[in-house]
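See below for the structure under consideration.
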Amino acid sequence: MASGSVSISQAAISSCPESNRVHLMACEIEHDGEAPVSSYFDKTVREDGTSSGVQDGEKALSASFRGRDLKGCVVNLPAGYTGYVMKEDKRPFTDEEDREMKATHKFSQFTYWNLETPPSNNDAITKAMQWINIASALHGGDVDNQNATPDNIR
Amino acid sequence: MSRRSSRLLKLTHNGTKSTRTMPRNTQNGKKTHKEVNQWIFVAPESAVCSQDCGETEPVFIKIPHPRTGKELQFLLSHSGEKIFEVLRFKEESRSWFVDDSVQKDGSLHVITPVDPLFLILPYLTKFSQKFRTLEQLLVDEGHPSISRLTGCLTTEEILNICDVKGDDDLQVYRLNNDKAIAWLKVKVEQTADSVSSSGVHVSKGSQSATFVRSKRHTDASRVDYVRYAFGLVSDYLSSQWSESLKESLGITDEAQLSSPEGPPTKRVKVTDEIPEATEDYSKEFSKLNSKTENDKVLIMIELH
């Protein structure tokens with residue numbers, strides 16, 4: 001392979017643990033690395049008791065972060081898709097170096113948070129999930145197959 | 001503390017971005033303290049892992065985008081038989097928590113399959129006068145990785161858009177324009193089916209960049225969905241092919257002006273006319289924030 005390629009470590013993919021504490025936060029946090037999320041954030045997460053407007057069967061959630069109210073919901077990834085946290089331990093010094101991404105966690109769902117407004121189908125994250133279905137229709141192979149409807153491609 | 005909180009918690013609702021870049025860590029532009037890069041991917045299992053991959057691993061390769069001809073990162077599966085594209089969804093003011101850690105960059109990288117026929121169509125178009133083997137078609141000094149797509153295509157698939165000669169040992173192909181247009185039309189229909197069943201809003205309201213909208217899907221007709229799907233398919237086509245397809249679908253310009261912001265196709269175009277998205281992501285890290293934040297339109301805005 002040409003130099004400077006980026007590969008995905010298979011060993012890490014098969015060995016990385018599954019995380020059920022993946023949050024897409026409604027703010028930017030000026031930090032990369034460890035943080036006491038379980039003590040300061042996870043503890044504040046509560047079910048609102050109503051249904052979320054994003055996916056059927058998911059409850060609306062609320063939480064608090066730095067004194068602000070957050071409204072959230074669980075987003076389940078489409079069938080066949082998995083989330084991965086990919087990490088490159090060492091930044092390359094040159095463009096020619098081969099590189100490798102290693103999965104540190106995988107996840108099948110994450111929690112999407114908004115400030116104050118409950119997530120809905122109008123949120124960007126819904127569109128990202130819709131794109132997955134549309135892409136499978138647009139790029140689904142066998143176009144001669146008359147049975148290739150979006151439903152069974154998915 | 002209070003000043004800091006309010007700044008950090010600022011949320012911009014219309015700040016979503018989607019680009020065709022490879023993952024880049026926003027830290028890189030700053031040459032800061034961080035020695036690691038980290039990204040959040042959502043990918044089909046077949047793209048990133050497999051039980052029986054043996055020695056080979058999935059790898060990102062650079063291939064010219066069929067619309068722009070600019071090189072972008074695509075993910076080649078471990079077997080070398082499937083090719084995927086990477087879309088980056090980014091809203092402003094977002095970060096990730098993963099267990100007890102923070103990732104400042106709130107981007108989500110979505111990896112989805114891409115039909116390799118789109119990627120080889122420019123090469124077939126270029127050599128449309130003669131029959132050639134796939135290996136002869138996919139030779140490009142400037143973009144040597146294109147040759148790796150030979151593993152992603154079966155004769156059956158190529159037959160969708162080409163004429164073929166030869167036997168099992170040596171097959172040569174030549175683009176057949178009529179077949180290509182018929183194939184593209186099926187793509188548009190399939191995509192339109194998917195868009196309509198996904199409840200994606202394609203009529204006037206979809207032109208707005210805001211996300212606050214009622215859930216009315218009633219006023220979209222099949223024509224709207226087809227036009228919308230044409231825009232999505234065109235995103236993988238040269239302007240020449242896009243025009244031919246548009247004509248064959250009977251899409252007219254005047255039918256598209258439902259909004260001052262322009263038809264979906266236009267905005268899809270903006271999506272991949274992204275100079276820095278065409279570059280190797282190991283370079284030019286610093287450009288990411290400065291340009292992508294302002295210049296890009298999200299495919300997801302269109303998918304509304």
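Couple of notes before you dig in:
- Test for A:Glu47: is it among the acidic types (Asp, Glu), surrounded by fewer than 18 Cβ atoms within 10 Å (Cβ to Cβ) and part of a strand (DSSP E or B): yes
- Selection status of B:Ile111, over 30 Å from A:Ala35 (Cβ atoms), within 13 Å of chain A (Cβ to nearest Cβ), in contact with a helix residue (DSSP H, G or I) (Cβ under 6 Å, 6 or more places away or on another chain) and open to solvent by less than 10 Å² (accessible area, probe 1.4 Å): no
- Residue in segment A:131-145 that is open to solvent by less than 20 Å² (accessible area, probe 1.4 Å), at the interface with another protein chain (Cβ under 7 Å from one of its Cβ atoms) and modelled with pLDDT under 90 present: yes
- Among the residues making up segment B:52-76, those that are in contact (Cβ under 8 Å) with a residue 24 or more places away in the chain, within 11 Å of chain A (Cβ to nearest Cβ) and assigned to a strand (DSSP E or B) are B:Phe60, B:Ile61, B:Lys62, B:Gln73, B:Leu75, B:Leu76.
- Residue satisfying all of: in segment A:51-81; more than 9 Å from chain B (Cβ to nearest Cβ) and among the charged types (D, E, K, R); surrounded by the fewest Cβ atoms within 10 Å (Cβ to Cβ) among these: A:Asp56
- Test: residue in segment A:93-105 that is more than 27 Å from A:Cys16 (Cβ to Cβ), within 7 Å of chain B (Cβ to nearest Cβ) and open to solvent by 40 Å² or more (accessible area, probe 1.4 Å): yes
- Among (1) touching a residue at least 24 places away in the same chain (Cβ under 8 Å); (2) facing chain B (nearest Cβ under 7 Å); (3) open to solvent by less than 20 Å² (accessible area, probe 1.4 Å) - the single one A:Ile29 does not satisfy: (1)
- Failed criterion for A:Tyr84 (all others in (1) more than 10 Å from chain B (Cβ to nearest Cβ); (2) out of contact with any Leu (no Cβ under 9 Å at 6 or more places or on another chain); (3) in a strand (DSSP E or B) hold): (1)
- Scanning segment B:86-102 for residues that are surrounded by fewer than 24 Cβ atoms within 10 Å (Cβ to Cβ) and at pLDDT 95 or above gives B:Ser95, B:Trp96, B:Val98, B:Asp99, B:Asp100, B:Ser101, B:Val102.
- Criterion violated by B:Val202 - all others in (1) under 20 Å from B:Thr68 (Cβ atoms); (2) in a loop (DSSP other than H, G, I, E, B) satisfied: (1)
- Considering each residue of segment B:138-161 in turn, none proves to be out of contact with any helix residue (DSSP H, G or I) (no Cβ under 9 Å at 6 or more places or on another chain), more than 14 Å from every other protein chain (Cβ to nearest Cβ) and open to solvent by 20 Å² or more (accessible area, probe 1.4 Å).
- Which listed residue, of B:Gln171, B:Gln129, is open to solvent by 60 Å² or more (accessible area, probe 1.4 Å) and modelled with pLDDT under 95: B:Gln129
The values are calculated or read from the model by the stated rules, or taken from the named source; none is laboratory data. Not measured: the values here are computed from a predicted model. Counting neighbours? That spans all protein chains shown, and the Cβs are built from the backbone with ideal geometry, glycine included. The area values use the complete protein model at the heavy-atom level, side chains included, leaving out ligands, DNA and RNA. Shrake-Rupley method; radii C 1.70, N 1.55, O 1.52, S 1.80 Å.
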